[in-house]
Amino acid sequence: MSSKLYINQKSNSMNSKLITSRNRLAKWSMAWVATTALVTFGSQFLWESQIITGLAIILSLAVGVGMVMANRKFVNDGDELQRKIQLESMALTLGLAVVGGIAYSQLDTTNLIKQDAEISFLVLFMGITYILCVFFNARKYS
Amino acid sequence: MKNNIKELRAALKMTQSDLAQQIEVSRQTVNAIEKGKFDPSLPTAFRLAAVFNCSIEELFVYESES
């Protein structure tokens, strides 16, 4: 087997590995969203037992851990530039989430806003920030 | 760092995708390296040198940022 053919086969397997890990992450993410919806709406509309609610929360936590591990694998399967883009995006998202989250909480505790600070707003903020950071970082290196 | 990867690649009539496959990175990474927007790691630099059959010093020219 020539070295060029070997490298091509290795590279193709790397690309397929990245696609596989991306698809795996998408499936884990969808499963986690489904379990969080199950906890929220199940306890409201499907059952009244707190034991079932507790079991649903444990299931959601377990699937959440699976999603985190899938995300870790996805980042590790990228090449060096893809990992750099992810690292910069995650650093900005983490920093802005902490600063923005604390400020948002203080707005609530000091009664500068009428409604209670909701964790869902912070999660939404983190998601949008992360997507925008990945988009602009990818453009920066293209 | 400046580099002459684009010229060497063109001389070998390779596309960015061809080169990306050979050095085990994405095409976007090859593009970023060629434009000088991203400095590759040492293993990637060695793989590039192996593809073009030259030394790393012949591929990359270090420029001080100051």
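The values are calculated or read from the model by the stated rules, or taken from the named source; none is laboratory data. None of these values were measured; they are calculated from a predicted model. With ideal geometry, Cβ positions are generated from the backbone for all residues, glycine too; neighbour counts draw on all protein chains shown.
Does A:Gly64 count as assigned by TED's automatic domain parsing to the domain that holds A:Val134 and either modelled with pLDDT of 95 or more or closer than 19 Å to A:Gly127 by Cβ (or both)? It is false that A:Gly64 is assigned by TED's automatic domain parsing to the domain that holds A:Val134 and either modelled with pLDDT of 95 or more or closer than 19 Å to A:Gly127 by Cβ (or both). Among the residues of region A:16-43, those that are of a type in the set (A, V, I, L, M, F, W, C), surrounded by 13 or more Cβ atoms within 10 Å (Cβ to Cβ) and over 17 Å from the mean Cα position of the chain (by Cα) comprise A:Leu38, A:Val39. Return yes or no: is B:Leu48 more than 10 Å from every other protein chain (Cβ to nearest Cβ), surrounded by 18 or more Cβ atoms within 10 Å (Cβ to Cβ) and at pLDDT 95 or above? So B:Leu48 fits the description; yes. Among the residues of region A:117-139, those identified as within 14 Å of chain B (Cβ to nearest Cβ) and either hydrophobic (A, V, I, L, M, F, W, C) or under 13 Å from the mean Cα position of the chain (by Cα) (or both) are A:Val134, A:Phe135, A:Phe136, A:Ala138. Looking at B:Leu19, B:Leu42, B:Leu12, just one residue is within 11 Å of chain A (Cβ to nearest Cβ), surrounded by fewer than 17 Cβ atoms within 10 Å (Cβ to Cβ) and aliphatic (A, V, I, L, M), and that residue is B:Leu42.
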